[in-house]
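The values are calculated or read from the model by the stated rules, or taken from the named source; none is laboratory data. Owing to the predicted nature of the structure, the values given are computational and were not obtained by experimental measurement. A quick note on method: Cβ atoms are made from the backbone with ideal geometry, for glycine too, and the neighbour counts reach across all protein chains shown. With ligands, DNA and RNA removed, areas are computed over all heavy atoms of the protein, side chains included. Shrake-Rupley method; radii C 1.70, N 1.55, O 1.52, S 1.80 Å.
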Amino acid sequence: MTPVQIDLVSDIACPWCAIGYARLQQALAQLPDVAVNLTWRAFELNPDPHLVPEPILPALCKKYGVSEQQMRANQQQLMHIASDLGLDFSGMEQRLTCNTFDAHRLLKWAASVGKQTELKLALFQAYFGQGVSVNQPEVLLACVAQVGLPTADAQRVLESTDFAEQVRSEQAHYQQAGIHSVPAFVINQRYLISGAQDAATLAQALRQIADEASPS
């Protein structure tokens, strides 16, 4: 069967992106005969490089125009969903807003050495599990070390402009394609599944696409 290409447009600062990936893993467990090539694509929820970090709850209240009580309830719901999927979101309410451009550059570098997904998951764990800011070089390097990649090489990337243009052009490409919220699953460069759909929905869609793409 021809492998299915999944381009997963997401941001490290997006809790639904971590949930969407976990649900994708559940879906793929139901499809043992479907091979998948997964590539993480860049999206920034806070694209301002001069963003001043602020506590997440008041920032989200301001962004969505809801009370802190409502937002705290929303965050608690996310934590329950994550827990059911085996994810650690215990740092959800302690995190600060942050720009993730350097993290996306490191993810491009990690992809070049075959460790993109491992680093992405480590970044999710740092931000949502530990509540630490994934725009801080020391946090990024700790995640790099956690997945067994050389921190000296990663530091050279951070101190340079390596992969910056690749991240910018990738973001522009998906925005021009009409993707303005994440997660977004682009399948075989033809089909779009928006949002963190449940595992059954993802499995059904992937089965149909895989069957259509395979020679009869």
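Quick notes on this one:
- Condition met for T117 (touching a strand residue (DSSP E or B) at 6+ places or on another chain (Cβ under 9 Å), over 18 Å from L96 (Cα atoms) and among the hydroxyl-bearing types (S, T, Y)): yes
- Taking the listed residues P3, P55, the one that is open to solvent by 60 Å² or more (accessible area, probe 1.4 Å) and under 15 Å from V186 (Cα atoms) is P3, with no other qualifying.
- From the list G131, G114, the lone residue that is on the phi > 0 side of the Ramachandran plot and free of Cβ contacts under 8 Å to residues at least 12 places away in the same chain is G114.
- Pick from region 169-208, criterion assigned to a loop (DSSP other than H, G, I, E, B) and of a type in the set (D, E, K, R), ranking: nearest to V9 (Cα to Cα): R190
- Selected residue (criterion: nearest to L107 (Cα to Cα)) from residues of region 163-216 that are among the aromatic types (F, W, Y) and in contact with a helix residue (DSSP H, G or I) (Cβ under 9 Å, 6 or more places away or on another chain): F163
- The residue that is most open to solvent (accessible area, probe 1.4 Å), among those in region 114-133 that are over 14 Å from W40 (Cβ atoms) and part of a loop (DSSP other than H, G, I, E, B), is Q130.
- Being open to solvent by 20 Å² or more (accessible area, probe 1.4 Å), acidic (D, E) and touching a residue at least 24 places away in the same chain (Cβ under 8 Å) is a description that does not apply to D211.
- Checking L31, L45 one by one, the residue that is out of contact with any helix residue (DSSP H, G or I) (no Cβ under 9 Å at 6 or more places or on another chain), surrounded by fewer than 19 Cβ atoms within 10 Å (Cβ to Cβ), modelled with pLDDT of 95 or more and not in a strand (DSSP E or B) is L45 and no other.
- So V144, is it under 15 Å from the mean Cα position of the chain (by Cα), surrounded by 18 or more Cβ atoms within 10 Å (Cβ to Cβ), over 19 Å from L28 (Cβ atoms) and in contact (Cβ under 8 Å) with a residue 12 or more places away in the chain: no
- Note on region 77-106: residues that are loosely packed, with under 15 Cβ neighbours inside 10 Å, out of contact with any strand residue (DSSP E or B) (no Cβ under 9 Å at 6 or more places or on another chain) and not in a loop (DSSP other than H, G, I, E, B) total 4.
- In the set (1) out of contact with any Leu (no Cβ under 9 Å at 6 or more places or on another chain); (2) hydrophobic (A, V, I, L, M, F, W, C); (3) open to solvent by 20 Å² or more (accessible area, probe 1.4 Å), A177 fails one condition alone, (1).
- Taking (1) over 29 Å from S214 (Cβ atoms); (2) of a type in the set (D, E, K, R); (3) surrounded by fewer than 20 Cβ atoms within 10 Å (Cβ to Cβ) in turn, R190 satisfies each apart from (1).
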